[in-house]
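Just below is one structure, and these are the notes that go with it.
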Amino acid sequence: MYRRFGEVDAAETSPLYARVAVALSESDEALRAIEAAPARRRHPTVILAALHDLALAGHAPALAAAHAAADGDAAARAAIDTLLRMTDSVVAVAVRRKTRPNETGRCAVLYPAIAEAARRVGAHAVGLIDVGCSAGLNLNVDRVGLTYSNGPSLGDPSSPVQMSSSTVGDRPVPKRAMPEVVARVGVDLDPVDVTDADEARWLRACLWPDQRERLARLDAEMALAATAPPLLLQGDPVEVLPEAFARVPSDALPVVTTTWALSQFTLESRLRFLHRLDEAATGRAVAWVSVEGVGVAPAIPTLGDRRASGHSIIGLAVFEQSALRAEAVGRCWSQGRMLAWLAES
């Protein structure tokens with residue numbers, strides 16, 4: 001598993017981790033130390049994040065220095081040394097923490113879909129509810145600057161957080177601005193508070209040390225979120241959703257967003273989630289913007305695409321007056337770094 005991770009998974013994106021993973025795979029002592037963790041917590045992404053966390057916390061200075069220098073050989077030696085010296089600490093972090101993939105490209109996909117939802121309902125204000133929110137970074141979708149390769153710029157051009165997305169296909173991303181956001185609510189089984197130093201450090205630890213641009217962008221995003229922290233609700237999203245809807249003012253459109261979150265739900269839970277949205281629409285319109293693998297989001301058309309096809313469907317569902325209108329408004333690849341807009345303007 002570690003050799004494959006190094007030679008295949010990390011080979012093109014993180015030369016540092018590619019070297020470290022292969023070195024761990026060749027060390028019998030390191031592998032025995034990793035086996036001290038429960039079977040489900042031995043994956044390279046978990047153990048490497050735990051080592052990174054200890055380095056960021058100042059407990060593994062040699063590893064921290066190797067990370068800073070992007071020196072794969074030094075990082076490999078330091079990772080093995082840290083793992084052998086601090087096996088209990090590494091395992092404790094791996095067991096306690098959940099890996100957090102905080103991909104900022106999601107905002108580039110969410111922004112035009114949320115704006116389109118507001119247009120269809122005629123809403124002048126929206127309340128965002130992000131399910132599976134982690135640290136709630138998606139909830140700042142209107143506070144970041146977004147540029148697309150086919151021309152339009154959306155969001156805040158002066159924001160400290162800037163991101164871009166490549167576009168493909170014949171239809172341009174709409175230039176429509178998102179209306180005012182009057183509520184930001186995150187729902188997660190285990191939400192992350194970016195104002196907590198330990199939690200923020202763990203988010204950094206889940207990124208790979210030689211991916212400097214992503215680390216810098218995460219720091220900027222966390223700093224932006226800390227200026228106006230969203231409301232984070234902990235619990236089973238299906239059970240907590242009614243409370244989340246109650247936090248959205250009655251004159252605003254609740255827009256629920258899910259980005260690669262529903263794949264963690266059972267089919268029964270996905271259907272219950274859909275039912276919750278329908279229930280919330282008894283007295284007002286409710287919108288749901290989904291970015292999920294093909295066939296994962298119930299009621300969202302798959303456009304004839306095959307499951308596990310390597311891309312995701314951007315879905316838009318509007319619940320209004322006991323009616324559901326669901327459409328696939330786009331496709332995206334690479335966690336939102338490339339998208340094809342499909343809906344007519």
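Every number here is computed from the coordinates shown, using simple stated rules; none is lab data. In this text, all values refer to a predicted model and were calculated from it rather than measured experimentally. Note that each Cβ is placed from the backbone with ideal geometry, even for glycine, and that neighbours are counted across all protein chains shown.
Summary of values
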| read-out | value |
| --- | --- |
| Three-way shape label, region 167-230, alpha-carbon gyration tensor, a/c 1.5 | oblate |
| Note, ³J(HN,Hα) from phi for region 208-215, Karplus 6.51, -1.76, 1.60, rounded to Hz, x at Gly and Pro | 8, x, 8, 9, 4, 5, 5, 5 |
| Integer Hz, Karplus 6.51/-1.76/1.60 couplings in order for region 130-135, x for Gly and Pro | 9, 8, x, 6, 6, 8 |
| Angle in degrees between helix 44-56 and the longest Cα principal axis of the chain, rounded to the nearest 10 | 80 degrees |
| Estimated dipole of region 2-96 in Debye, rounded to 20 [Cβ of Lys and Arg +1, of Asp and Glu -1, Cα centre] | 320 debye |
| Positive dipole terminus of region 2-96, leading residue within V95, L63, L48 (C-beta point charges) | V95 |
| Most positive-pole-ward Cα, V141, A78, A205, against dipole of the chain from beta carbon charges | V141 |
| Extended-chain gain in nm, criterion 0.36 nm per residue less alpha-carbon gap, D219 and L84 | 45.6 nm |
| Charge dipole (the chain, unit charges on Cβ, about Cα centre) - positive-most of Q234, S25, I300 | I300 |
| Shape category assigned to the chain from the gyration tensor of Cα positions, a/c cut at 1.5 | prolate |
| Part-to-part distance (alpha-carbon centres) for region 4-48 and region 135-161, which is given in Å | 35 Å |
| Residue-averaged 222 nm ellipticity for the chain, from DSSP H runs of 4+ at -39500 (n - 2.57), nearest 500 | -11500 deg cm²/dmol |
| Calculated FRET efficiency for the pair Q321/D236, C-beta based, R₀ 25 Å, to 0.05 | 0.35 |
| Cα-centred dipole magnitude for the chain, charges only on beta-carbon of K, R (+1) and D, E (-1), debye, nearest 20 | 440 debye |
| Dipole magnitude (debye, nearest 20) for region 161-248, charges at Cβ of Lys, Arg, Asp, Glu | 580 debye |
| Principal-axis tilt of helix 237-246 within the chain, Cα atoms, nearest 10 degrees | 50 degrees |
